[in-house]
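Structure first, then comments.
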Amino acid sequence: HVNHACDSNTLRTAYGFDIAIYNIPKDTEITGEYGLFNIPYTVELNCNCVNCRKVLRPTDIDVHADRWDAFIVDTLKCYHNVAQPLYSFMDVETRKQLNRYFSGSSDYTSVRELKYIRPGTRKKLRVG
């Protein structure tokens, strides 16, 4: 498993994989950002990070997506310069999506795409 850290060294992408957002030194714990997991309730955090948010909220994707996307976009710039030993395990559609992004034929897919509306939480529109 991967523990949460508000200053995590990996982030989940909307492409279906997690990415290291900087070089992780040997013997360093791999950490992730639980705010990307659509947890429908608040959870107290105690990750001991300097900038710990103290609480995980269902709205974290809305609040932090721009910052997380910036980390991912910056990291993807290095994608072709770093060995990708797990590339062969990536499904064909994900490879196609990444190649379209790298070639400039499609935009980056934001982590906002990871958020979903839970049944019963969508507001009904009144017509008329």
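The values are calculated or read from the model by the stated rules, or taken from the named source; none is laboratory data. Only a predicted model underlies this, so the values are computations on that prediction, with no experimental measurement involved. Ideal geometry is used to build each Cβ from the backbone, glycine not excepted, and the neighbour counts take in all protein chains shown. For accessibility, only protein heavy atoms count, side chains too; no ligands or nucleic acids. Shrake-Rupley method; radii C 1.70, N 1.55, O 1.52, S 1.80 Å.
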GNM top mover of Asn81, Asn99, Asn38 - the chain, alpha-carbon springs below 10 Å: Asn81
Selected from Gly35, Gly104, Gly16 as most flexible by GNM, with the chain as the system and alpha-carbon contacts under 10 Å: Gly104
Gyration tensor verdict on the chain (Cα atoms; rounded if a/c is under 1.5, prolate if a/b is larger than b/c, oblate otherwise): oblate
Carbon/sulfur fraction of accessible area - the chain, other protein chains in place, 1.4 Å, %: 53 percent
Accessible surface, the chain, averaged per residue in Å² (probe 1.4 Å): 72 Å²
Leu76 accessible area, 1.4 Å probe, all protein chains in place, Å² to nearest 10: 10 Å²
Mean projection area, nm², convex hull over Cα of region 49-104: 6.0 nm²
Of Cys6, Gly32, Val111, farthest towards positive along the dipole that unit charges on Lys, Arg, Asp, Glu beta carbons give the chain: Val111
Helical mean residue ellipticity (222 nm; -39500 (n - 2.57) per DSSP H run of 4+; nearest 500) of the chain: -7500 deg cm²/dmol
The chain, relative contact order [Cα under 8 Å, separation at least 6], %: 28 percent
Loop trypsin sites (Lys or Arg not before Pro), region 2-75, which have at most 13 other Cβ atoms in a 10 Å radius of their Cβ (DSSP): Lys26, Lys54
Heavy-atom accessible area order for Ser88, Ser110, largest first, 1.4 Å probe: Ser88, Ser110
